[in-house]
Amino acid sequence: MTWWEALILGVIQGLTEFFPVSSSGHLVMASSALGLKLPGIVFEVVVHVATLASVVIVYRRRIGRLLAGLVGHPGGDEHARSFVLMLLLASLPAGMAGILWKDWFEARFDDPAASATMVLATGCIVWSIRWARESVRLSPLEFLPLAAAAGIALLAGTAAVFLGVLAVAAVLMGVARAAASRRWHDRPTAADALLMGIGQALAILPGVSRSGTTVMVGIWRRVDSQAAAEFSFLMSVIAISGAGLLMIPDAVEAGASIGPVPVLVGCVAALISGILAIRFFLAMLRRQSFHLFAWYCWAVGALYLLVAR
């Protein structure tokens, strides 16, 4: 890997980690397009850790209030302990999945076509947020983009992957709304945290967006969109830290084959682009235009499956 290839992948990681378009899926497709065969998923984990720093920088005040609240400082968040417990609860599903099925998940990174198909599915997941707000009437036209995405997956021979991801997402949506509060709220409950955590576990798959899936579940649970995004990003601090710790032995072994300069360039690029992506993501949520990312997911997934492959 050259430094400029690492720069491209780092920017892609930083932008797509926080946009609901799946950073892992983009890294797999971009590596394939550049003709790169990276050792395992070490580079992906390293640049993911760089984007963790983006969250810490953007939410430094919120994290500071939580830490102050944990130690009983007067200026801290009085609900800090319960909030941190919710974050830990939300991290359990992905942590257990990562430990129990680590090798199975890693193997999924070797199939760019499956990753592109899951990006198509991510578009459908993001599109569903419009229905969760109950501000859009369901009509046959609402399902046309989903049908088109299914048709592309069928042509590519990856319909089973597409339908499998959507089936799990649909169950999550149904359970989330069936047991949801009648009123919108801005502080996630234990049930909210657990279901968002299950969404995060699903997003270990390359092509399934972590931010898109967790925020989607939160909104279906009637958690305010800004609060759902904040909780989702803070969840990522624990999830990415855990993944980084699990990959330390592999990182040491594979780091020499990638080289220190590409790794450093990729990390800096991911950090800077990640900060910009978080701020843009929050602006889209405020304007309730979050669902527009679905069109991007469908376009990119279709382009890879119908042309690049």
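The values are calculated or read from the model by the stated rules, or taken from the named source; none is laboratory data. All figures in this text were calculated on a predicted structure; none of them were measured in a lab. Because the Cβ atoms are built from the backbone with ideal geometry, glycine has one as well, and the counts that use them run over all protein chains shown.
Odds and ends about this structure:
- Ala6 being surrounded by fewer than 24 Cβ atoms within 10 Å (Cβ to Cβ) and at negative phi: no
- Flag if Ser82 is assigned to a helix (DSSP H, G or I), farther than 30 Å from Tyr304 by Cβ and of a type in the set (Gly, Ala, Ser): yes
- Selected residue (criterion: surrounded by the fewest Cβ atoms within 10 Å (Cβ to Cβ)) from residues of the range 197-242 that are modelled with pLDDT of 90 or more and among the β-branched types (Val, Ile, Thr): Ile198
- Filtered by the rule that a residue be of a type in the set (A, V, I, L, M, F, W, C) and either within 15 Å of Phe231 (Cα to Cα) or surrounded by fewer than 14 Cβ atoms within 10 Å (Cβ to Cβ) (or both), the range 68-81 gives Val71, Ala80.
- Among residues of the range 128-144, those that are in contact (Cβ under 8 Å) with a residue 40 or more places away in the chain and buried (at least 17 other Cβ atoms within 10 Å of the Cβ), counted: 4
- In the range 214-235, the residues that are on the phi > 0 side of the Ramachandran plot reach residues that are of a type in the set (Ser, Thr, Tyr) with C-beta atoms within less than 6 angstrom, at least six apart or across chains, in these pairs: Arg222/Ser181.
- Residue in the range 169-196 that is surrounded by the fewest Cβ atoms within 10 Å (Cβ to Cβ), counting only those that are assigned to a helix (DSSP H, G or I), in contact with a helix residue (DSSP H, G or I) (Cβ under 7 Å, 6 or more places away or on another chain) and not hydrophobic (A, V, I, L, M, F, W, C): Arg177
- Members of the range 91-107 that are closer than 17 Å to Gly25 by Cβ and of a type in the set (D, E, K, R): Glu106
- Residue within the range 83-91 that is among the small types (Gly, Ala, Ser) and farther than 25 Å from Val300 by Cβ present: yes
- Here Ala107, Ala148, Ala121, Ala113 are screened, and the one residue that is in contact (Cβ under 8 Å) with a residue 12 or more places away in the chain and surrounded by fewer than 16 Cβ atoms within 10 Å (Cβ to Cβ) is Ala148.
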